[in-house]
Amino acid sequence: MSADAQAAPDGLTPLNPEVQRCPYDWYEAMHSSGDGAFDAGPLGYVIAGHAEISKITFDTTGFSSEFYGPQGPQLAGVSPEPWSPEVQALWDTIPKLKNALFSCDPPTQTRQKAIAVKSMNIARVRKLEPTIRAEAEALIDEVIDAGRCDFFEAYAEPLPVIMVAQMLGMDGDRVLFKKWSDDIADGYLTPMDNPRRLEVLTSAKAFLEDLLPRIEARRVTPTGDLLSALVNSTIDEEDEAKFGELSGPRHLTDGELLCAVSQLLPAGNHTTTNLIANLLIELIEHPEVMAELRANPELIPNAIDESMRKDAPLRATYRVCTKDAEVSGTKIPAGSLVPMMWGGAGHDPELFPEPQKFDIHRENVKKHLSFGYGPHVCVGMPLARAVSRISFEVLLERVDNIRFAGGVSPTRAAQFPFSAYEGLQIEFDKK
Ligand code: HEM
């Protein structure tokens, strides 16, 4: 017999700041209940089971990625709170996005994805590895004599932003890119109030206005980067599928390009930064594992996967339920927002016994879903894997005795849907 979705007990909801800091107990409550979906109030119906999520990712008709609706992303978060007149006025001045990549469904998404994969596949990323290493070395050079640093500012933030911007072919102020990209990531995925919406939309406007002339320039002169590939590729099957006839190949529209690039830049930054910081924190807390990685750097990829399983850098993205659905016996009404809890899947005890334990030798660790799964699986996975692996190879090669500055452990940030820390001050010895 089917049941309506239950709320998780005792305030364990994704809007509770304590759950946002550390969702482990919430994950455990969902898994031990045996239900398929959980009522999360304004955030809809959460799915946390590994098997359930894996299945739903392929049902792109019943669970659509167009969760912003056909009008496209509005970059104002996922809260139901009505927009203030100021937010509306600012939004009216912003170039409009058309759903693309993770905010649209096949066949449109399939074509766009193919273009992005071509420019970001493993072979392309392998060619970038010497550059990633050189950038990592240069960042370490800047702090090595000081013996201490703000790890986010010095290393975990700049490295991903440098590499994603380089792959896209977007030169410019990296600090500004980082600010824009973090705000836009929030604008896509985070619950927020109107004051925060104004900040996020201000960044989005600046970013989109910076991007439009770059798109125009690459229409005239392609420059061999991902942005040029996106601008100059053609799509035809989409028209065929939609209108029943081939209306001829076409290029992506400005709206689609703005949307795709406004996903690529933030999707790769906040996530990879948090992955690098989360793993370093685990290693400082488990010095025996840090020593093992120093002795066997070939285990670094395992440690990366285990960190991603335990603390998915991007804990959730969303689907919208297009018709009444039932997930493992639990009902979800049509029109509901459905957070796909990638982080929850990594704590599913069916696959990962003792999920709160950090164990780089789990045999099945690669089965985590923290890069997504199915048609929307992360297009930046090769880049994220290379950047995070090389960042630890270089860090462990160059410095010893990495520890929390003053012995003070960092505090987890109250963020949904990201696993993040409020800061990370470290001390170390030069090798
Ligand atoms: C540790 C780093 C990363 C994590 C944890 C991560 C996580 C994810 C997840 C969970 C999805 C699935 C979204 C869904 O199904 O709704 C996804 C998709 C995506 N990711 Fe990543 N990602 C990372 C790095 C990157 C990088 C470096 C880039 C690009 C430079 C990137 C670009 C994208 C894009 C464009 C999609 C949408 C793909 C599609 O819809 O087909 N990500 N990512």
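Bear in mind that the values in this text are calculations on the coordinates, not laboratory data. Owing to the predicted nature of the structure, the values given are computational and were not obtained by experimental measurement. Quick reminder, even Gly has a Cβ in these numbers, built from the backbone with ideal geometry, and neighbours come from all protein chains shown.
When the helix-only estimate is applied to the chain (DSSP H runs of n ≥ 4, each -39,500 (n - 2.57), divided by the residue count), what is the mean residue ellipticity at 222 nm, nearest 500 deg cm²/dmol? About -15500 deg cm²/dmol.
Contact order, relative form, for the stretch 256-352: 22 percent (alpha carbon pairs under 8 Å, 6 or more residues apart, mean separation divided by residue count). Computed from the C-beta positions of Glu298 and Gln71, the FRET efficiency with R₀ = 45 Å rounds to 0.40. Would you please give the FRET efficiency between Glu288 and Lys323, computed as 1/(1 + (r/R0)^6) with r the Cβ-Cβ distance and R0 = 56 Å, to the nearest 0.05? Calculated transfer efficiency: 0.65.
Over all other residues within a Cβ to Cβ distance under 14 Å of Pro130, the charged ones net out to +1, with Lys and Arg as +1 and Asp and Glu as -1.
The slack between Val377 and Asn232, meaning 0.36 nm per residue of separation minus the straight C-alpha distance, is 49.8 nm. Pairwise Cα separations in the chain fall into 10 Å bins from 0 onward with the following percentages, short to long: 4, 21, 32, 27, 13, 2, 0. Extension gain for the segment Arg148 to Thr202, taken as residue separation times 0.36 nm less the Cα-Cα distance, is 16.0 nm to one decimal. Simple spin-label estimate for Ser84 and Thr411 gives 2.5 nm between the two label positions (7 Å along the Cα-to-Cβ direction from each Cα).
In this label model, Leu212 and Val175 are separated by 2.7 nm, measuring between points 7 Å along each Cα→Cβ vector. For the residue pairs Lys331/Lys366; Lys98/Lys127; Lys127/Lys205; Lys55/Lys331; Lys310/Lys367, the alpha carbons lie more than 22 Å apart in Lys331/Lys366; Lys98/Lys127; Lys127/Lys205.
Order the peptides 38-49, 124-135 from the highest to the lowest mean number of other Cβ atoms within 10 Å of their residues. List each step's numbers first, then the result.
Details: 38-49: 22.2, 124-135: 15.2.
For the peptides 38-49, 124-135, the packing ranking is 38-49, 124-135.
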